[in-house]
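S.K.: Mind having a look at this structure? Questions to follow.
A short reminder: the numbers here are calculations on the coordinates, not readings from a lab. These numbers were taken from a predicted model, which means no experiment stands behind them. Please note: Cβ atoms are built from the backbone with ideal geometry, for glycine as well, and neighbour counts cover all protein chains shown.
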Amino acid sequence: MRDAILASLREAFAAPAEASIAHGTFVVALAPESVVATATRLRGEFGFDLLQDVTAVDWPRRALRFDVVWHFYSTTQRVRVRMKTAVGEAAPEVETLTGLYGSAGFMERECHDMYGIRFRGNRDLRPILLYEGFVGHPLRKDYAKEHEQPLVPYRDQQ
Amino acid sequence: MNRGATIPIADAGATTHRRSAFEYLTTKKDELVGWGRKFSIFPYPFVTACCAMEFMAVSSTPYDTDRFGAALPRFSPRQSDLLMVVGTVTHKQAPILLKVYEQMCEPKWVMAFGACATSGGFYQNYATLLGIDRIIPVDVYVPGCPPRPETVIDGIMQLQDRIARQRHPIVNDAF
Amino acid sequence: MSIELPSPVRAAFDAESEDAVVVNIGPSHPATHGTLQVIAALDGEKVQRVDVHCGYLHRGFEKECESHTWHNLMPYVDRLNYCSALINDFAYCDAVERLMGIEITPRCRYLRTLLSEYSRICDHLTCIAASLMELGAMTAFLYLVMLRDHMYEHLAALTGARVTYTYGRIGGLARDLPDGWLARLDEILVEFYEFTGRIHGLMDRNRIFIDRTRDVGAISSADALHWGFTGPILRSTGAAIDLRKDMPYLAYAELEFDVPVGINGDNYDRYYVRMREMDESIRMIRQLVGKLPQGPICVDDRRCTFPDKALVYREIQSLINHFKLVMDGPQVPAGEVYVGHEAPNGELGFYLVSDGSGTPYKVHVRSPSFVHMGGLHKLLEGYQLADIIPTFGSVNMIGGECDR
């Protein structure tokens, strides 16, 4: 039954996006403009009621540097979908999904913290894992792992 | 002539005798204060991470810090004297740690519970404070990731020895 | 020494903008499990609005993973949900094994299932013990922590550590069961009923406990799904959604077990769902002990399994194999995978991206606690200030998992 659902998803989303099935998950890669429309269809027509994850991947040598990745799960059909889009460093922006899923709020905040992806329409992009005053986005490949930004001056420097 | 603990000095006479008696009393007083303090530690469990599991285990049966008088946690810095920093302290958490430490009254001691509190553990990156002794003075470091409850008890006992050995001069040398 | 300490967070509202009393709870607070800050706007005792701040235990897990090999980062994975560290290990190993196309041996599959359920019991015991203690039931805490301590010592006999084990290996496990381990397991399972029987006796019909938890922190199934709740919180609303039944992995398809669900989605339901889940875990463990096959626990694949030490000292090919696995790490083919396991808090997912080398390109954890914090305000708003404590305890936010 799962194969039938995956096949129907492939049919629904194949054009103009890039669709495949990898490790039992339906993967669709599309342009940033189609993100909300696709998510709305997934939720409304296909019953993907749980937004599992929002994250990004940094490919510094690519022209469009960041891949923003969403994972959806349907509790009724027991199927997963991965939706991806690519954005560039100059304008790392996508639309927010907080209108469809409440859980998108915190996950988009984390993605913004770690990679600098801006989610248009999400009014609350305050730092969530990092703190006020932290400069930079640590999960980008050009941020050095050991580069600390202490908030409290050290004892031996007073 | 041997007058017990005193050293015969030419013009000492009764002064030295009185001073040694005075020192005997102050030493006994220090021991009494030390004994009282070491067996009535009120920890402030500043708990953040995995070491909390071992903190819970050491506070309850069968390891039981209550045998050492150190079981009753006080979640107000005003009422506690041992700041147990249990788990990783990140840079985000550092101002809170410093604030809590400063709000505690003297006498106060700090225990760095676990590898992360001691040195940052194996989180050597942008997020972690690499050892709480970068911002507050530490009295005892308990190693382990997380430390076994026996290690924690060993740490408490060593801290107790340190507390017992402290001097509490009523007057200074200029008196 | 008195310096101006900066505030690491910016509140969504403050005393001037809200027509209410603004109170700060945490992050150093006995009941916030160490690292959560809740800024609440109160009207008398009633919570009008809540601003939840996590991230105080963000330790850079993902960044650390990018500079370790696929094997080396196992200790970091342990320390995500440190109450049930084995489940994190096995979920991560499952994800890497899928990328590499490795199938684990039957004995390993059953052992991983058994230990996952054992870990689930440890986690639920910790959650219930802590939340009951925060309500004042110190006795219940002592009983449950004592039982949990026996389990920790038992797991230390197997893995070498009490809390964070680093026991999972890509393609298998670190070592096999020692002699007498299963006999001791039996003793502990019998003891379990004795201790939890006392907890049921103390709490189930306790007037004070019922008053403090019934109809407090309630949420509907639709709301729960909208805000991303999974695990016992979702099940307490009445929705029987459990990855072990819906998308079976490891040996769950071969086991008989029920999925306990609640009625109202309130704190009492969450407590009871967890108690019943522990009973179901024991049922599963007994079945697994009966079905445990003999055989090797590590798959015989030199891409990930370390060769026998005696061979490493004798043959050049084993020596080089060992050397490459340690220095370069197992070579995982380029690609990406998302694997979700049913952790005690909900769906724990690992999203791995590999560029074909022995170090991961990206290891992202889909953390149930983090998503739950996003929806926590739905459970707190409209209830009283004192209700924050039992509600938050029943959500079981684990800092390591939430902030990674």
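S.K.: Restricted to Cα positions, what overall size does chain C have along the principal axes? Three whole-Å values, descending.
M.R.: That works out to 75, 50, 46 Å along the principal axes.
S.K.: Please report the equivalent ellipsoid semi-axes of segment C:244-365, computed as sqrt(5 x eigenvalue) of the Cα gyration tensor, largest first, in whole Å.
M.R.: They are 39, 21, 11 Å, listed largest first.
S.K.: Relative to the compact globular guide of 2.2 N^0.38 Å, what is the alpha carbon radius of gyration of segment C:118-217, as a ratio?
M.R.: Rounded to two decimals, the normalised Rg is 1.28.
S.K.: Quick one: Cα centre-to-centre distance for segment C:67-100 and segment C:358-404, in angstrom?
M.R.: 20 Å
S.K.: Please give the average number of partner chain Cβ atoms lying within 10 Å of the Cβ of each residue in A:45-55, rounded to a whole number.
M.R.: Shielding by partners across A:45-55 averages 5.
S.K.: Also: Percent of Cα-Cα pairs per 20 Å bin, from 0 to the last occupied bin, for the protein assembly as shown, please list those.
M.R.: In whole percents, the pair-distance histogram is 16, 49, 27, 6, 2, 0.
S.K.: Provide the per-residue ³J(HN,Hα) series for segment C:234-250, in order, calculated from phi with Karplus coefficients 6.51, -1.76, 1.60 and θ = phi - 60°, each as a whole number of Hz, with x at glycine and proline positions.
M.R.: Per residue, the Karplus-derived 3J(HN,Hα) values read 5, 5, 5, 7, x, 8, 7, 10, 8, 4, 5, 8, 7, 10, x, 9, 6 Hz.
S.K.: Report, in listed order, any pair from A:K84/A:K145; B:K92/C:K378; A:K84/B:K92; C:K245/C:K291 with a Cα-Cα distance greater than 23 Å.
M.R.: Exceeds cut-off: A:K84/A:K145; B:K92/C:K378; A:K84/B:K92.
S.K.: Provide B:K99, A:K84 in ascending order of the number of other Cβ atoms located within 10 Å of each residue's Cβ, fewest first.
M.R.: Ordered from fewest to most neighbouring Cβ atoms within 10 Å, B:K99, A:K84 come out as B:K99, A:K84.
S.K.: Here is a further query. How large is ³J(HN,Hα), in whole Hz, for each residue of segment B:67-78 in order, when computed from phi with the Karplus curve 6.51 cos²θ - 1.76 cosθ + 1.60 and θ = phi - 60°, using x for Gly and Pro?
M.R.: 4, 9, x, 10, 8, 7, x, 10, 8, 10, x, 5
S.K.: Next up: What is the set of long-range amide H partners of A:R118 at a cut-off below 5 Å, with H atoms built 1.01 Å from backbone N?
M.R.: A:E93, A:V94
S.K.: If you wrap a convex hull around the alpha carbons of chain B, what volume per residue comes out, as a whole number of Å³?
M.R.: 150 Å³
S.K.: If neighbour count is taken as other Cβ atoms inside 10 Å, put A:R82, C:R214 in order from fewest to most.
M.R.: C:R214, A:R82
S.K.: If you don't mind, another one. In angstroms, what radius of gyration and Dmax does chain A have, counting Cα atoms only?
M.R.: Rg, Dmax (Cα atoms, Å): 17.9, 67.
S.K.: Follow-up question, since we're still on this one. Given the peptides C:273-286, A:36-49, arrange them by the average over their residues of other C-beta atoms within 10 Å, most packed first.
M.R.: Per-residue mean Cβ counts within 10 Å order the peptides as C:273-286, A:36-49.
S.K.: Given a cut-off of 29 Å, name the pairs among B:K38/B:K99; C:K309/C:K362; B:K29/B:K108; A:K141/C:K309 whose C-alpha atoms lie farther apart than that in the structure shown.
M.R.: Going by Cα-Cα distance, C:K309/C:K362; A:K141/C:K309 fall outside the 29 Å limit.
S.K.: Cut-off is 10 Å between beta-carbons; in what order do B:S59, C:S394, C:S236 appear when sorted fewest neighbours first?
M.R.: Ordered by Cβ neighbours within 10 Å, fewest first: B:S59, C:S394, C:S236.
S.K.: For segment A:26-67, what are Rg and Dmax over the alpha carbons, in angstrom?
M.R.: When restricted to the Cα atoms of segment A:26-67, Rg and Dmax are 12.6, 37 Å.
S.K.: Mind listing the phi-derived Karplus ³J(HN,Hα) values for segment C:50-63, rounded to whole Hz, using 6.51, -1.76 and 1.60 with θ = phi - 60°, and x for any glycine or proline?
M.R.: Karplus-based 3J(HN,Hα) across segment C:50-63 equals 9, 10, 9, 10, 10, x, 6, 10, 6, 10, x, 4, 5, 5 Hz.
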